[in-house]
1. Could you please find all residues in the range 142-159 being surrounded by 14 or more Cβ atoms within 10 Å (Cβ to Cβ) and either under 19 Å from residue 174 (Cβ atoms) or not aromatic (Phe, Trp, Tyr) (or both)?
2. Only one residue in 6, 55, 22 is modelled with pLDDT of 95 or more and part of a helix (DSSP H, G or I), so which one is that?
3. Those residues that are surrounded by fewer than 18 Cβ atoms within 10 Å (Cβ to Cβ) and of a type in the set (A, V, I, L, M, F, W, C), I need them from the range 105-120; list them, please.
4. Step by step: first the residues of the range 32-52, then only those that are touching a residue at least 24 places away in the same chain (Cβ under 8 Å) and part of a helix (DSSP H, G or I), then the one that is surrounded by the fewest Cβ atoms within 10 Å (Cβ to Cβ). Which residue is that?
5. Given the condition among the aliphatic types (A, V, I, L, M), closer than 22 Å to residue 11 by Cβ, exposed (fewer than 12 other Cβ atoms within 10 Å of the Cβ) and in contact with a strand residue (DSSP E or B) (Cβ under 9 Å, 6 or more places away or on another chain), answer yes or no: does some residue in the range 162-170 qualify?
6. Return yes or no: is residue 152 farther than 28 Å from residue 49 by Cα, within 16 Å of the ligand (Cβ to nearest atom) and not small (Gly, Ala, Ser)?
Amino acid sequence: MAKSNLAVIVGSNRRDSINRKLAHALAKLGAGSFDANFPRIDDLPMFNQDLEGNLPAEVVRYKNELARADAVLIVTPEHDRSIPALLKNAVDWGARPYGKNSWVGKPAFITGTSPGAIGSALAQQHLRSVMTGLGMILLGGEAYVTFKPDLIDEHGNIGDESTKKFLVDFVDRFADLVSRLAPAAAQASAA
Ligand SMILES: Cc1cc2nc3c(=O)[nH]c(=O)nc-3n(C[C@H](O)[C@H](O)[C@H](O)COP(=O)(O)O)c2cc1C
């Protein structure tokens, strides 16, 4: 069966981002089901409604990447108990201009990591609320990952077996959700 096109959005622009490491590890776990692309969000201008009439080239590129995606994986840090500004900016550009919402109807898996005990839980909860409002179809369950220095090796493999099993379950359920929605998505794009 053909693989689904997965847009992986990382909510961090930090060079050694632990969320980017987790995102690559998840893409590796899902390689049998997904072709993963990593749309850039760190070069998007700060959202300004005045720019909507003549979208900047970076925004056009980004929205084309979202349009090509069958599914979206968002891996986010938590900043001050909420969604990082970088990611919220990318969410807003995806949602606009009015009538050109890139998120609606797409399946999404939201996860993230932090060194803290609750592993980005509050950022994820805020993001779930936002993305549900924008019409995404979210994978159920909660995947909060507490990051430890040896969690992911330099090849993108998750060393800890119980964390790996926990995440494989999410990736497999996400692949199942995306394949169930695929016929409906194909019909919608043909209409
Ligand atoms: C502005 C800022 C706010 C932060 N707020 C939180 C927070 O609310 N909860 C948390 O667990 N970690 C918080 N952290 C720590 C991040 O979890 C940590 O920097 C992590 O490495 C960020 O992920 P990244 O490496 O993918 O950028 C914060 C970090 C920064 C820079």
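The values are calculated or read from the model by the stated rules, or taken from the named source; none is laboratory data. Computed from a predicted structure; not experimentally measured. No Cβ is skipped: glycine too gets one built from the backbone with ideal geometry, and neighbour counts run over all protein chains shown.
1. 143, 144, 145, 146, 151, 152, 156, 158 - these are the residues of the range 142-159 that are surrounded by 14 or more Cβ atoms within 10 Å (Cβ to Cβ) and either under 19 Å from residue 174 (Cβ atoms) or not aromatic (Phe, Trp, Tyr) (or both).
2. Within the list 6, 55, 22, the selection yields 22.
3. Across the range 105-120, the qualifying residues are 117, 118.
4. Taking the candidates together, the pick is 49.
5. No - not one qualifying residue is present in the range 162-170.
6. Judged against the criteria, residue 152 is a match.
Residue by residue, here is whether (1) farther than 26 Å from residue 45 by Cα; (2) touching a residue at least 12 places away in the same chain (Cβ under 8 Å) holds:
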residue: 97; (1), (2): no, yes
residue: 125; (1), (2): no, no
residue: 133; (1), (2): no, no
residue: 137; (1), (2): yes, yes
residue: 169; (1), (2): yes, no
